[in-house]
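Since the structure comes first, as structure tokens, the remarks are kept for the end.
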Amino acid sequence: MKAQNKKAFAKIVSAIKNNNSFFVAGHQNPDGDSLGSTLAVASLLKRMGKKVYAFSNDRPGNDLFFLPGLDTINFGALPPLKAEFDAMILLECSDKKRGGNLDSIFNSAKTVINIDHHITGENYGDINYIAPNASSTAEIITQFFEYLQIKPAKDEATNLYTGLVTDTARFLHSNTTAEALRVASVLVGCGADIETINAILYNTRPYKELKLLGRALEKLNLLHKNKIAEITLTAADFKLLKTNPQHTQGIVSQPIMISSVEVSILLREEPGRIAVNLRSKGKIDVSKIAQKFNGGGHMRAAGFKQNGGKLDIIKKQILSVVKAEVAKLK
Ligand SMILES: [Mn+2]
């Protein structure tokens, strides 16, 4: 652990010891890391005898309802205006706005603690622990338990392991470092319920998603010496299978399994707009491609949406941009 991180941990410990009431939150549209870390921190603070108000601007998707203690989070409900907190802990929020409109808490809390692993993280807190090398915020929180020499309880371990496993895509992404795996081992040792986590997150899929996946694979095209995979799902496809764009989760990643494919493109005709998802095997930075269409994302996963766009036109445009990038490859 870096010296500056150790220093930040020490500061966080004294902020916890010297204060009594805490507001804890992750980011809007929360993922497994955001909620898992929020729940573990809230639980740790309670074990240390503190008053905690755990908050999330939005509810998660159905697949995260198994998280132990999820009902202790106040979803979309800010505390009454007169409520004052000694400190606020923001997790996974690279900037002040990521958690929602929390101005009232920022104004009243004496100490703002910012814990994050995003490389774009801003130092908006009084105490900032930003570790871009950490796989997940859950990894940092597990290290914090270790720093305190407090063993995560079973439920805490389950919440933290969920953050770790979702942010690494089941230990598949390049953020699966030796430290991420060490932390995973610690959490399994503390009783993390990996059977439930795996069953719900990775071995359960709605019927409609599978039907749509079947349709999508039927419509898969390989272009440009089989280096580009393209799938287009039209409004008619969704109607035929009584599905909607929410059922397209994971489809765009499937063609990446084909050895020749460098970029996978999924075009979706949604009510009033066209949505495009991009995946790369790693040679081409699809976030740069998405940026040309006012979208964004990461090197291997990106996307954009165009309101009122025409499917055929956008398809032509994105294919020509991707083809130009693929042509540059050796
Ligand atoms: Mn994260």
Angle in degrees between helix 311-327 and the longest Cα principal axis of the chain, rounded to the nearest 10: 80
Prolate/oblate/rounded label for the stretch 210-327 (Cα gyration tensor, a/c 1.5): oblate
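Return the FRET efficiency for the residue pair residue 270, residue 97: r is the Cβ-Cβ distance, R0 is 25 Å, and the value is rounded to the nearest 0.05. Before the final figure, lay out each step's value.
On the way: r = 26 Å, r/R0 = 1.03.
FRET efficiency, residue 270 to residue 97: 0.45.
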Prolate/oblate/rounded call for the stretch 1-140, Cα gyration tensor, a/c under 1.5 rounded: rounded
Cα Rg over Rh - the stretch 214-279, Kirkwood: 0.97
Ellipsoid equivalent to the stretch 246-296 - semi-axes via the Cα gyration tensor, in Å: 20, 15, 7
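Give the percent of DSSP beta bridges with both residues in the chain that are antiparallel, rounded to the nearest 5.
Details: 20 of 46 bridges.
Around 45 percent antiparallel, to the nearest 5.
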Pairwise FRET efficiency - residue 210 versus residue 107, Cβ, R0 = 41 Å, nearest 0.05: 0.25
Highest average packing first - 233-240, 151-158, Cβ atoms within 10 Å: 151-158, 233-240
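Summarise the long-distance tail of P(r) for the chain by giving the % of C-alpha pairs beyond 24 Å.
That fraction is 59 percent.
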Estimated [θ] at 222 nm from DSSP helical runs (n ≥ 4, -39500 (n - 2.57)) normalised by residues in the chain, nearest 500: -11500 deg cm²/dmol
Fraction of antiparallel bridges per DSSP, the stretch 233-308 only, in percent to nearest 5: 95
Charge dipole of the stretch 26-69 about the Cα centre (unit charges at C-beta), most positive-ward option of 26, 60, 41: 41
Point-to-point label distance, residue 257-residue 150, nm (Cα→Cβ direction, 7 Å offset): 4.2
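May I ask you to compute the full-extension gain from residue 202 to residue 330, defined as 0.36 nm times their residue separation minus their alpha-carbon distance, rounded to one decimal in nm? Spell out each step's value before the answer.
Values: separation 128, 0.36 × 128 = 46.08 nm, distance 3.56 nm.
Length gained between residue 202 and residue 330: 42.5 nm.
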Contour minus Cα-Cα distance for residue 126 and residue 218 (0.36 nm per residue): 27.8 nm
Listed peptides 89-96, 32-39 by packing density, highest first (mean Cβ within 10 Å): 32-39, 89-96
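No value in this document is a laboratory result; all are computed from the given coordinates. Note that the coordinates shown come from a computational prediction; the quantities given were computed from them, not determined experimentally. Don't worry about glycine lacking a Cβ; one is built from the backbone with ideal geometry, like all the others, and counts go over all protein chains shown.
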